[in-house]
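Visitor: Sharing a structure below in structure tokens format, with a few things to ask.
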Amino acid sequence: MDRKEFLSATIALCSLGLIPAGIFESCSKATNNGPTNVNFTVDLNASANASLNNVGGALVVSGVIIIRFSTTEFYAYSAYCTHEGCQVGYNATSARIICPCHGGQFNASTGSVLAGPPPSGLAKYIVTQNGNMLTITS
């Protein structure tokens with residue numbers, strides 16, 4: 001084997017060694033940014049939405065967690081943790097959105113990361129109230 005053949009073979013083998021690493025890296029970078037093109041309404045009078053009639057109540061609808069933060073404030077975020085996509089829940093006592101899978105915690109007022117492994121905050125949606133109807137949009 002001459003020098004040219006040796007270098008060609010070495011480069012080819014090294015290149016093959018990088019392919020699996022690239023595949024695994026691309027798999028681990030899945031994005032969990034939440035639903036897009038969100039546009040739905042929630043009737044606060046409907047029994048299925050009764051949890052939103054009390055301050056501290058929360059409800060997941062169409063991949064969005066809606067939280068009644070005060071008598072006049074509602075917040076809506078992606079219901080999926082940005083770490084690995086587990087569905088989050090709301091803890092009214094701590095006023096935090098909690099991921100049960102790996103302990104991620106988010107600020108319920110902003111959606112920003114407070115603790116744990118999530119790489120970014122939750123996508124936030126616009127909530128408008130007209131009487132007993134909430135409209136949630138991107």
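Visitor: Could you please find all residues in segment 129-138 being in contact with a strand residue (DSSP E or B) (Cβ under 7 Å, 6 or more places away or on another chain) and either surrounded by 15 or more Cβ atoms within 10 Å (Cβ to Cβ) or not in a loop (DSSP other than H, G, I, E, B) (or both)?
Guide: The initial filter retains those residues of segment 129-138 that are in contact with a strand residue (DSSP E or B) (Cβ under 7 Å, 6 or more places away or on another chain), namely 129, 132-138.
Result: 129, 133, 134, 135, 136, 137.
Visitor: Sort out for me the strands (runs of 3 or more DSSP E) sitting completely within segment 26-128 that have 2 or more residues that are surrounded by fewer than 17 Cβ atoms within 10 Å (Cβ to Cβ) and without any contact (Cβ under 8 Å) to a residue 24 or more places away in the chain.
Guide: Filter on segment 26-128 gives 113-115.
Visitor: Here is a list of conditions, (1) over 13 Å from the mean Cα position of the chain (by Cα); (2) at pLDDT 95 or above, and residue 78 meets all of them except one; can you say which number that is?
Guide: Residue 78 satisfies all of (1) over 13 Å from the mean Cα position of the chain (by Cα); (2) at pLDDT 95 or above except (1).
The values are calculated or read from the model by the stated rules, or taken from the named source; none is laboratory data. Note that the structure is predicted; figures quoted are calculated from it, not measured. Neighbour counts are summed over all protein chains in view; Cβ atoms, including those assigned to glycine, are modelled from backbone coordinates with ideal geometry.
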